[in-house]
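Here's the structure we're looking at; comments come further down.
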Amino acid sequence: CLSKGTPMMLSNGVARARAMSNVVAARPSRQFRNFVRCNVSSRGFVTHREFPVRGFASNGVEVGQPRDSVTVAVPATSANMGPGFDSIGIALNVWNTMTVERADKLDILVKGEGHGKVPIDDSNLVVFGVKTAFKHAGQEMPPLRFKCHNRIPFARGLGSSSAGIVAGLLAGLVLSGHSLPVWGHETFLNMACEIEGHPDNVAPAIYGGIQLGMHTGERWLSSRVSYPHGLQAIVFIPESIGETKVARAVLPETLTYEEAVHNISRACFLVNSMNNGDFSALRFATQDKLHQPQRAAQFPHMEPVIQAALDAGAHCAYLSGAGPSILALTSSAAGDVFTQRAEERNEKAVADAMAKAAEAIGTPGRIFITEPTQRGAHVLSALPAFSDKGRIHLFREAGEV
């Protein structure tokens, strides 16, 4: 997993930039989840590689131990959040998992969402991601077996393509034994953006949470947006698929100053509302003039479902990514919602209202109720394991890694 954090420094007065020139971390974190040896000097840098480091390749990747198999998890994502076209996205607690193992020939098994629809040859994005990671490591991708368990709806505006790209890159890096610089570089993010073309899905898929993304003119850059505990995401998912290239084809070539100011002001309020935990302006902060009105003809359910969610008490609702899914946000969840009194929350009322509005205009679909997740793509298990059985044990929700 490449979630953003920073290597811990055991002495004061060392600038992060200097630290980053000496240390490359596969998965930086501010928590001591695993300790590693890599250029430990008198300044006391601590990094996160479990295996002995063999050195650095000419392209800056850290050379470590190749692995025979790896299982990774990647979250669903919802891009744009209304006004943040191609710039803002949020990770959701709906996960694709994938096991990749060395084999005699390419083999792809798909279970769950997209079964029978996604390609099972080397045009699949998970394969392309793995191949890209091996290429960056200076290696040829070996024959591999892919076992994909997909829970993210396919081609519904919930980041299934980005999940495939990120899952493939992450698995390829682990299998090839290579890691990448994050702070000051975000090489993983930039590799994903080169494939996807924009950061609004891949950034939250990699890092979790709400992420901002932009291109500096030299590279892609991301930044995390804080949000309070208790948010619930209600997603109406039509049975029909939405193709991103079709949704982008209807977008105008030029914009007016009024349209630009409309979205800039609302994107500012969106970030501020999340940071402050003040949702009173959120229904206005997720309004848009750059892409949603242009896509209304393609998705006739969009406006009725958004309005139904707002009328039922949602803080906001918007077209998720390029559609066709509609996402609404509520709050007041505390602890495990299955032990909380239903009258303290309104996500089910919002879900019912969204479903009825869609049904009234003849748009069949289903509802997911979930929540944002601060966790991004991560490794569930690997062979050989990352844990040092004699000294250090790495644990995640699925068990020891």
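Some points to look at:
- Gyration tensor verdict on region 299-401 (Cα atoms; rounded if a/c is under 1.5, prolate if a/b is larger than b/c, oblate otherwise): prolate
- Where the Cα pairs of region 230-318 fall when distances are cut into 5 Å bins, in %: 2, 12, 20, 21, 21, 15, 7, 1
- Taking a straight Cα-Cα cut-off under 23 Å and skipping sequence neighbours fewer than 8 places away in the same chain, the lysines within cross-link reach of K356 are K348.
- Panel values: region 84-193, Kirkwood radius from alpha carbon pairs, Stokes-Einstein at 4 °C and 1.567 mPa s, translational diffusion coefficient 89 µm²/s.
- Under Karplus coefficients 6.51, -1.76 and 1.60, residue-wise ³J(HN,Hα) of region 251-260 in Hz, glycine/proline x: 6, x, 7, 10, 10, 8, 4, 4, 5, 5
- Among the protein heavy atoms, those of E397 account for about 130 Å² of accessible surface (1.4 Å probe, every chain in place).
- In the context of the full set of protein chains, residues of region 285-349 present 40 Å² of accessible surface per residue (probe radius 1.4 Å, heavy atoms only).
- Solvent-accessible surface of region 163-256, averaged per residue with a 1.4 angstrom probe and all protein chains in place: 37 square angstrom.
- On region 159-251, 53 percent of the accessible area sits on carbon and sulfur atoms, based on a 1.4 Å probe.
- Charge dipole (region 137-201, unit charges on Cβ, about Cα centre) - positive-most of G138, V174, P153: P153
- Under the Debye formula (equal points on every Cα, no solvent term), log10 I(q)/I(0) of region 326-385 at q = 0.16, 0.29 Å⁻¹: -0.69, -1.25
- Taking the protein heavy atoms of region 291-400 in the context of the full set of protein chains, the accessible area attributed to carbon and sulfur is 55 percent at 1.4 Å.
- Placed amide H near G376: partners under 5 Å, 5+ positions off or other chain: G208
- Cα coordinate range in region 353-394, projected on the principal axes (Å, largest first): 61, 19, 12
- When you restrict to C-alpha pairs under 8 Å that are six or more residues apart and normalise by the size of region 76-159, the relative contact order lands at 41 percent.
The values are calculated or read from the model by the stated rules, or taken from the named source; none is laboratory data. Since we're looking at a predicted model, the values are computed, not measured. Cβ: placed from backbone, ideal geometry, glycine included. Neighbour counts: every protein chain shown. To get the accessible areas, we keep the full protein, side chains included, count just its heavy atoms, and leave off ligands, DNA and RNA. Shrake-Rupley method; radii C 1.70, N 1.55, O 1.52, S 1.80 Å.
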